[in-house]
Structures are given as C-alpha cells and as structure tokens.
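**Student:** My questions will all concern the structure given below.
Every read-out reported here was derived from the displayed coordinates using simple, explicitly stated rules and does not represent laboratory data. From a predicted model like this one, the values you see are computed outputs, not experimental measurements. Using ideal geometry, Cβ is built from the backbone for each residue, glycine included, and neighbour counts are taken over all protein chains shown.
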Amino acid sequence: MKKIIAATCFILILTLFYYPVFDDKKISFVIIFLCFVVLIFSVAKLYSPDEEKDYDSFEKEMDRLHKDDGIFQYTNDGFYFKQNSLTEYIKWDEIVSVHSFSIPSPFGKRQSGLEITTNEKNYEFDHAVTPGIVKLTDQLYDNLPNCEEDSPTIRINNFGLKKAKLYERKVL
C-alpha cells in the first residue's frame with residue numbers, strides 16, 4: 001500500500017512539473033484528479049482496519065466460543081461445572097430462573113454475566129472469567145422451555161445493576 005502511495009505521489013509531482021508540456025490540458029487534469037483519488041483511497045485503506053479480515057476473525061472466534069465447553073460438561077438432564085476445585089451438577093428441571101446481569105465496573109467497562117437460580121442455590125457466572133459461558137447460554141436456550149432472548153432489561157438499584165429475565169419456571 002505504501003508503494004502505491006509513493007508511486008502516485010511521484011506521478012503527481014511529475015505531472016505538476018510537466019503540466020504545460022502536455023498538448024491537451026484535460027489530460028493533465030485527469031491525471032492529477034486520478035492521483036488524488038488513488039491517494040485518498042490508499043491512505044484511507046492504510047489507516048482503516050481490514051473489515052473483511054476482521055469479520056472473518058470475529059466469525060472464527062464466535063464459532064470457537066460456541067463450541068468451547070470451558071468449565072462445563074453437558075448431559076441430557078443437566079450440566080456439570082467445576083469452580084474453585086468443586087464440581088457441581090445442575091439439572092435442567094431444577095432451574096427456577098435465569099437472569100443476565102450487568103453491573104458497572106470501577107475499571108471502565110461493565111461486568112456482565114448469567115445468574116442461575118435453583119431451588120437450593122444461586123450461581124453467578126461472569127462473561128469475562130468463565131470459560132464456556134457462550135456455550136452455556138446456547139445450552140440454556142436449547143434445554144429450557146420458553147427461554148426469552150429479547151427480554152427487557154430493568155434497573156434494580158441506584159448502583160447501576162441491570163438485569164434481564166431470560167427464563168422463569170412457570171408455577172403450575
């Protein structure tokens with residue numbers, strides 16, 4: 001890309017220097033115009049990220065995240081997860097509710113994750129530090145009936161905690 005910019009600048013300088021030599025002034029004008037166009041697009045391409053490469057790398061990363069089990073191991077009836085050297089098992093039919101949460105972080109970005117509530121215990125999984133959480137989300141959508149993807153986010157307190165109810169077991 002830098003070679004194209006250098007060659008275009010060289011052609012532009014030669015054209016400006018020999019401007020009166022050309023028989024038709026329109027040819028000089030076209031050459032100068034094309035050089036400016038090439039320069040503008042080359043510089044823009046040089047300083048902007050390669051969108052096609054970024055899109056492909058993003059898709060590969062998302063495919064990898066959707067296949068990564070992380071700390072989770074799935075069965076037909078539920079899933080195992082290992083945290084703090086303890087392995088626990090949660091059955092799909094024991095899950096009372098699933099919420100996504102987002103809280104402000106003192107380091108700039110918001111901290112987000114999933115909160116899974118069972119009859120006995122609450123579990124929180126942070127998106128940033130829990131390997132396999134993307135696949136867990138997929139498994140929750142696949143195994144829990146009426147799991148809502150587009151549920152509204154509500155603000156819980158003045159500290160900025162936001163929650164969205166993804167699933168709540170219907171009481172019969």
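**Student:** Quick check: residue separation of K163 and K121 times 0.36 nm, minus the Cα distance between them. What number comes out in nm?
**Tutor:** 13.3 nm
**Student:** Put a dot 7 Å past each Cα toward the Cβ at K2 and F107; how far apart are the dots in nm?
**Tutor:** Using points 7 Å along Cα→Cβ, the separation is 3.5 nm.
**Student:** Right, here's the next one. Let me check I've understood the local charge: for Q111, count other residues with C-beta under 15 angstrom from its C-beta, Lys and Arg +1, Asp and Glu -1. What total comes out?
**Tutor:** Neighbourhood net charge equals +1.
**Student:** Would any residue of region 112-134 have its amide N under 16 Å from a label point 7 Å out along Cα→Cβ of D68? List them or say none.
**Tutor:** 112-114, 125-134
**Student:** Looking at G132, I40, F72, which one has the Cα that reaches farthest to the positive end of the dipole of region 1-142 (charges on Cβ: Lys, Arg +1; Asp, Glu -1)?
**Tutor:** So the residue we want is I40.
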